[in-house]
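Colleague: What follows is a structure written as structure tokens; I'll ask about it next.
The values are calculated or read from the model by the stated rules, or taken from the named source; none is laboratory data. Treat the numbers as computed from the prediction; the structure is a model and nothing was measured. Cβ placement follows ideal geometry from the backbone for every residue including glycine, while neighbour counts extend to all protein chains displayed.
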Amino acid sequence: MVINTLLAHPCFKTLDPESCRDLDRQCTWLKTPAGAWAVGQGEDDREVYFVLAGRLRLALHGPRQDIVPADINAGSFFGELSALEGVPNSLNALAVHDSTLAKMPSPVFVATLFTHRPLGEAVVAALVMRNRAMTRKVAETADIYGDGLASVGPRPGRSGRSRFDARADVRHTSANHKRARRWS
């Protein structure tokens, strides 16, 4: 089966056919055989990849070892953080099975994110899930190394506050201020 439209992806099922055809024309379509890199190391792109068929293994090449954050299936997407921040994507994607991807340019993704609610909701949901997973990992690691960041509540003899209760200092973040100003 040949997939050549974003309508096959859950984020775009409610998009009207004409708008979807317009988006389809702006995407680059990648058909990647199993065992080949769909997105390789060193590519300086900010595009978002929508997985329409197959299975990919995401990898982050570190100085000492590769980190494999996830395997993703058809209906998933990745690269949205790069598109939103305007920085190059650091993930690589290896096709575990023959895969079809739509590579959407960053400006098209950002515009569509704000005009097509199901895409916006899917991106927010994915970011929330990743944030929760990272928070769990940090709490588990803190418990393993005895840092005292209890994830189950206060311990006897301690107040009910943890380090997570303090207000975050967000004055010195490395956010892309041009995009932040444009969105506010």
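Colleague: Could you list, ordered by first residue, the pairs with Cβ atoms under 6 Å in which the first is in the range 107-121 and under 12 Å from residue 20 (Cβ atoms) and in contact (Cβ under 8 Å) with a residue 12 or more places away in the chain and the second is of a type in the set (Phe, Trp, Tyr) and surrounded by 13 or more Cβ atoms within 10 Å (Cβ to Cβ), at least 6 apart or interchain?
Modeller: none
Colleague: Let me ask something else. Please work out if residue 90 is over 21 Å from residue 54 (Cβ atoms) and either touching a Ser or Thr at 6+ places or on another chain (Cβ under 7 Å) or at pLDDT below 70 (or both).
Modeller: No, not satisfied.
Colleague: While we're here: Residue 73: polar (S, T, N, Q) and either buried (at least 19 other Cβ atoms within 10 Å of the Cβ) or closer than 20 Å to residue 5 by Cα (or both), yes or no?
Modeller: Yes: the conditions hold for residue 73.
Yes/no matrix, rows are residues, columns are (1) of a type in the set (Asp, Glu); (2) at positive phi; (3) touching a helix residue (DSSP H, G or I) at 6+ places or on another chain (Cβ under 6 Å):
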residue: 71; (1), (2), (3): yes, no, no
residue: 74; (1), (2), (3): no, no, no
residue: 83; (1), (2), (3): no, no, yes
residue: 101; (1), (2), (3): no, no, no
residue: 111; (1), (2), (3): no, no, no
residue: 114; (1), (2), (3): no, no, no
residue: 125; (1), (2), (3): no, no, no
residue: 129; (1), (2), (3): no, no, no
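Colleague: Scan the range 68-91 for residues that are among the aliphatic types (A, V, I, L, M) and farther than 19 Å from residue 112 by Cβ and report the count.
Modeller: Number satisfying all stated conditions: 6.
Colleague: From the list 87, 96, exactly one residue is under 20 Å from the mean Cα position of the chain (by Cα) and closer than 17 Å to residue 130 by Cβ. Which is it?
Modeller: From the options 87, 96, the qualifying one is 87.
Colleague: Still on this structure, please answer the following. Considering each of 59, 83, 102, 38 in turn, give the residue that is without any contact (Cβ under 8 Å) to a residue 60 or more places away in the chain, hydrophobic (A, V, I, L, M, F, W, C), surrounded by 12 or more Cβ atoms within 10 Å (Cβ to Cβ) and part of a strand (DSSP E or B).
Modeller: 59
Colleague: OK, next. Report, ordered by the first and then the second residue, all pairs with beta carbons closer than 6 Å, sequence separation of six or more or different chains, a first member in the range 127-139 that is surrounded by 10 or more Cβ atoms within 10 Å (Cβ to Cβ), and a second member that is not in a helix (DSSP H, G or I).
Modeller: 139/149; 139/151
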